[in-house]
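These notes concern the structure reproduced below.
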Amino acid sequence: DAGITQSPRHKVTETGTPVTLRCHQTENHRYMYWYRQDPGHGLRLIHYSYGVKDTDKGEVSDGYSVSRSKTEDFLLTLESATSSQTSVYFCAISLAGGGADTQYFGPGTRLTVL
Amino acid sequence: TQLLEQSPQFLSIQEGENLTVYCNSSSVFSSLQWYRQEPGEGPVLLVTVVTGGEVKKLKRLTFQFGDARKDSSLHITAAQPGDTGLYLCAGKAGGSEKLVFGKGTKLTVNP
């Protein structure tokens, strides 16, 4: 158990509303990641962080922003949710940067944008 | 852009059968991971391979990393219903902090 929690676990919202998803870790790991998982597309990286206030874009970052003010928390914000952002969102941590590091995933947040 | 192609996309077999899932790319990876995901949960790491030609075994599961570190396979012997799930491969290029994921193989093992 890598000590990763995500909140909320489920959310239904309307188009145009802001949404923030939270990822919390208890292990003090440096690297944290946000993915979305959609049928036919697999897991796609949205943003990742390599330290407090250090973030970078992934392959599907448009429409999303992130913040990391504390080591343990990584927030994903949809400034104005759209139906195309309906998905399951996973947070992951990496135990080490570089080399053969591996990622451990949280339980996911199912987001529905109506 | 690095891509990982997984095949087959879907696989439905009977309990006791053997199967192999493939993960292929034209890119070289410094490491490759296999994950298993059950409905409603996050992916769970099964194994990491880092050396070309490496073979790792996890009970009835055998993982192999290609000599050129561009491909990998997962072989399950005598599949059981508990093996049912989505199997994902993911590769990491040298110097990168990101994983590239395949789209997954959905395995169903029928009793």
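The values are calculated or read from the model by the stated rules, or taken from the named source; none is laboratory data. Quantities reported herein were computed from a predicted structural model and do not represent experimental measurements. Cβ atoms come from the backbone with ideal geometry, glycine included; neighbour counts cover every protein chain shown. What goes into the accessible areas is simple: the full protein's heavy atoms, side chains included, and nothing from ligands, DNA or RNA. Shrake-Rupley method; radii C 1.70, N 1.55, O 1.52, S 1.80 Å.
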> Once phi is turned into ³J(HN,Hα) by the Karplus curve 6.51 cos²θ - 1.76 cosθ + 1.60 with θ = phi - 60°, what whole-Hz value does each residue of the range A:56-65 show in order, with x for glycine and proline?
Replying inline: 8, 7, x, 7, 10, 8, 4, x, 10, 9
> Say the cut-off is 18 Å between C-alpha atoms; which of A:57/B:92; B:57/B:98; B:70/B:103; B:57/B:92 go over it?
Replying inline: B:57/B:98; B:57/B:92
> What does the convex hull of the Cα atoms come to per residue for the range A:4-113, in Å³?
Replying inline: 92 Å³
>> Taking R0 as 30 Å, what FRET efficiency do you get between residue B:59 and residue A:22 from their Cβ-Cβ distance, rounded to the nearest 0.05?
In response: 0.25
> Can you work out the FRET efficiency for the pair residue B:77 and residue B:30, with r the C-beta to C-beta distance and R0 = 25 Å, to the nearest 0.05?
Replying inline: 0.30
>> Can you give me the % of accessible surface on the range A:4-113 that is carbon or sulfur? Probe 1.4 Å, all protein chains present, nothing else counted.
In response: 48 percent
> Under a 1.4 angstrom probe, counting protein chains only, how are B:46, B:3 ranked by accessible area, largest first?
Replying inline: B:3, B:46
> For chains A and B, what's the summed buried accessible area, probe 1.4 Å, to the nearest 100 square angstrom?
Replying inline: 1600 Å²
> Within 10 Å of each Cβ of B:93-101, how many other protein chain Cβ atoms are there on average?
Replying inline: 5
>> Nothing charged except the Cβ atoms of Lys and Arg (+1) and of Asp and Glu (-1): what's the magnitude of the dipole of the range A:1-84 about its Cα centre? Round to the nearest 20 debye.
In response: 100 debye
> Roughly speaking, what is the centre-to-centre gap between the range B:6-50 and the range B:81-111 when only Cα atoms are used, to the nearest Å?
Replying inline: 4 Å
>> Quick check: net charge around residue B:17, other residues with Cβ under 12 Å of its Cβ, Lys/Arg +1 and Asp/Glu -1?
In response: -1
>> Restricting to Cα atoms and excluding each atom paired with itself, what does the Kirkwood estimate give for the protein assembly as shown in Å?
In response: 18.0 Å
> Roughly what % antiparallel, to the nearest 5, for the DSSP beta bridges in the protein assembly as shown?
Replying inline: 90 percent
>> Please list, in order along the range B:77-94, the HN-Hα scalar couplings obtained from phi with the Karplus expression 6.51 cos²θ - 1.76 cosθ + 1.60 (θ = phi - 60°), rounded to whole Hz, x for Gly and Pro.
In response: 9, 6, 4, 10, x, x, 7, 4, x, 9, 9, 10, 9, 8, x, 10, 7, x
> Taking the Cα centre of the protein assembly as shown as origin and charging only Cβ (+1 Lys, Arg; -1 Asp, Glu), how large is the dipole, in debye to the nearest 20?
Replying inline: 120 debye
> Packing-wise, with mean Cβ within 10 Å as the measure, how do A:71-80, B:30-39 rank, highest first?
Replying inline: B:30-39, A:71-80
